[in-house]
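Have a look at the structure below, then the notes.
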Amino acid sequence: MRKQLLLKNGQVVFIDGIRNVDILIEKDKIIKIENDIYSNNAEIIDLTGKYVFPGIIDTHVHFRDPGLIHKADINTESAAAIAGGVTTVIDMPNTIPYASTYETIKEKKDIAKNKSYTNIGFFVGAHNDNLQTLLNFPQNEVAGIKLFMGSSTGNVKVENDEYLEELFAKSYLPIAVHAESESIIQQNLQFYKELYNDHIPFQAHSKIRSKEACIESTKKAIELAKKHGTSLHVLHISTTEELLLFDYEKHSTITAEVCIPHLWFSDNDFEQYGGLLKCNPSVKSDHDKEELRKALMTEKVYSIATDHAPHTYEEKQKNYLNCPSGTTSIQHSLLSMLELYRLGYIDLPTIALKMAYNPAKKFNIKDRGELKVGNYADITVVDLNIKSAVKKENLLYKCKWSVFEGVNFTSSVVFTIVNGNIVFENGKLNDHFRGMLIEYNQTK
């Protein structure tokens, strides 16, 4: 029988504060959280001087598996996630085939069982012909419905008003929406094509995928959710104006996600990064970035994710019109938030709240997201005093590039524990471990 695992002397980060307590793990669950735990049947890890977080949950990733595995796959990207302290992910449906049926979701689950280091779940994707499939989807099989209200990778947008009304009125599953107005984007794109022909500069991306496109579509999604009482999660908010549309106190089922690229970069960075920074929605102005950061400690921002969306380096070197949108950040999402902690934008308990507890709560993830007796032992340990230099050779992404390359983070992930197993320790990955499929507590 496997020994217990005892984590001693760490600064344990709960959503309501930080306490110096021990954590005892047996098999895959936390069985005790107390001061000065003793066990004569435990492997003991002394975490003096280190901070112990609930395992990070990233509810917005594109691992490209199946169908796009020249860019990334579940194995490589989940390895990068583990190295970044992420223990659970929810993967988006825009793969090949598009994951819009029970059968395509089952295919992704079968792949994940053999390839994923993290615990993993999936969104089922909406398209114009699968409304009844979504409304009758079996319970506890997916995290929610992904709805594109603007085109992105895969071009599966839904703009039919009757469809949207019925979906928002009848869905028992949370709806995660990519909100950008396609008509505004196309008008802007045509303007820049006439101005630059095929030589549109990447700096124009934030004007093509403009503030107005985001605001109009986000307003529409929120209005539908208010009308029908829908559980709505608006993904990758990128503008100051969108933040003002959310009122969690009055409408607690309508929530906003911000993503790492929009917290870290602005449209001024296109000159340095070019196509590597092209993502949808675009990063916006320095002012928008600053306001998103200032909102991290408020209820306007419900959760923090990555929208990790790899493409090959060669694809990202193409000109604007042929360069696919998407960037990489999951290996450094927690470290980037710890930098914002040092800058005073967020405290450590709020990182735990918005990168673990709230994501689990929003998508009804069973027994995860919180350091609590009875929960799965998903735990991330960081050292705030050991620096991490981002170099190409230590990137675990299949695409082997990152907009964070060259950054020297002031913190490091030292342990990642998944379901009671040490999967990452001081830079070394346990190649043999595989995570679980997420379980849910859903009701119709």
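The table below gives the values:
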read-out: Close pairs (7 angstrom Cβ cut-off, 6 or more residues apart or separate chains): assigned to a strand (DSSP E or B) in region 145-167, modelled with pLDDT under 95 anywhere; value: Leu147/Val158; Phe148/Val156; Phe148/Lys157; Phe148/Val158
read-out: Identity of the residue in region 222-245, outside any helix (DSSP H, G or I) and either among the acidic types (Asp, Glu) or farther than 30 Å from Val407 by Cβ (or both), that ends up nearest to the chain's Cα centre (by Cα); value: Leu232
read-out: Hits in region 202-223 - residues which are under 18 Å from Glu257 (Cβ atoms) and either out of contact with any strand residue (DSSP E or B) (no Cβ under 9 Å at 6 or more places or on another chain) or outside the structural domain of Gly326 (by TED's automatic domain parsing) (or both); value: Arg209, Lys211, Ala213, Cys214, Ile215, Lys219, Lys220
read-out: Count - residues of region 312-324 that are over 22 Å from the mean Cα position of the chain (by Cα) and part of a helix (DSSP H, G or I); value: 5
read-out: Qualifying residues in region 87-122 (those that are closer than 24 Å to His332 by Cα and in a helix (DSSP H, G or I)) - the one nearest to the chain's Cα centre (by Cα); value: Ala112
read-out: Residue count for region 1-42, restricted to those that are polar (S, T, N, Q) and crowded, with 16+ Cβ neighbours inside 10 Å; value: 4
read-out: Candidate set: region 220-265, residues that are hydroxyl-bearing (Ser, Thr, Tyr) and surrounded by fewer than 20 Cβ atoms within 10 Å (Cβ to Cβ); chosen: the one farthest from Asp58 (Cα to Cα); value: Thr240
read-out: Tally of residues being within 27 Å of Val156 (Cβ to Cβ) and hydroxyl-bearing (Ser, Thr, Tyr) across region 274-294; value: 1
read-out: Contacts under 9 angstrom Cβ, first residue in region 205-222 being over 16 Å from Leu245 (Cβ atoms), partner aromatic (Phe, Trp, Tyr), 6 or more apart; value: His205/Phe270; His205/Tyr320; Ser206/Phe270; Lys207/Phe191; Lys207/Tyr192; Ile208/Phe191; Ile208/Tyr192; Ile208/Tyr320
read-out: Region 168-204, subset assigned to a loop (DSSP other than H, G, I, E, B) and of a type in the set (S, T, N, Q), residue nearest to Phe246 (Cα to Cα); value: Ser181
read-out: Residues located in region 153-171, provided they are surrounded by 14 or more Cβ atoms within 10 Å (Cβ to Cβ) and more than 19 Å from Cys323 (Cα to Cα); value: Lys157, Val158, Glu159, Tyr163, Leu164, Glu166, Leu167, Phe168, Lys170, Ser171
read-out: Residues located in region 52-97, provided they are farther than 10 Å from His308 by Cα and in contact with an Asp or Glu (Cβ under 6 Å, 6 or more places away or on another chain); value: Pro54, Gly55, Asp65, Asp73, Ile74, Val86, Thr87, Val89
read-out: Residue tally, condition within 16 Å of Tyr51 (Cβ to Cβ) and either of a type in the set (Ser, Thr, Tyr) or modelled with pLDDT under 95 (or both), over region 358-381; value: 1
read-out: Single match in Tyr440, Tyr341, Tyr397, Tyr345 (criterion: aromatic (Phe, Trp, Tyr), out of contact with any Gly (no Cβ under 6 Å at 6 or more places or on another chain) and within 28 Å of Thr312 (Cα to Cα)); value: Tyr397
read-out: Condition met for Thr88 (in the same structural domain as Leu353 (by TED's automatic domain parsing) and farther than 30 Å from Glu314 by Cα); value: no
read-out: Matching residues, region 208-222, being touching a helix residue (DSSP H, G or I) at 6+ places or on another chain (Cβ under 6 Å) and over 13 Å from Ile237 (Cα atoms); value: Ile208
read-out: Single residue of Lys226, Lys170, Lys157 found to be touching a strand residue (DSSP E or B) at 6+ places or on another chain (Cβ under 9 Å) and over 18 Å from Pro281 (Cβ atoms); value: Lys226
read-out: Selection count, region 376-387, where residues are among the polar types (S, T, N, Q) and surrounded by fewer than 22 Cβ atoms within 10 Å (Cβ to Cβ); value: 1
read-out: Helices (runs of 4 or more DSSP H) completely within region 325-444 that count 2 or more residues being basic (Lys, Arg); value: 358-362
read-out: Unique residue being free of Cβ contacts under 8 Å to residues at least 24 places away in the same chain and not polar (S, T, N, Q) when the list is Glu271, Glu290, Glu315, Glu249; value: Glu290
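Let's see how each residue does on (1) surrounded by 23 or more Cβ atoms within 10 Å (Cβ to Cβ); (2) over 18 Å from the mean Cα position of the chain (by Cα):
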position	(1), (2)
Thr350	no, no
Lys361	no, no
Gly374	no, yes
Asn394	no, yes
Trp401	no, yes
Phe415	no, yes
Val418	yes, no
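The values are calculated or read from the model by the stated rules, or taken from the named source; none is laboratory data. Every value quoted in this text rests on a predicted model; they were computed, and no experiment measured them. For neighbour counting, all protein chains shown are included, and Cβ atoms are generated from backbone atoms with ideal geometry for every residue, glycine included.
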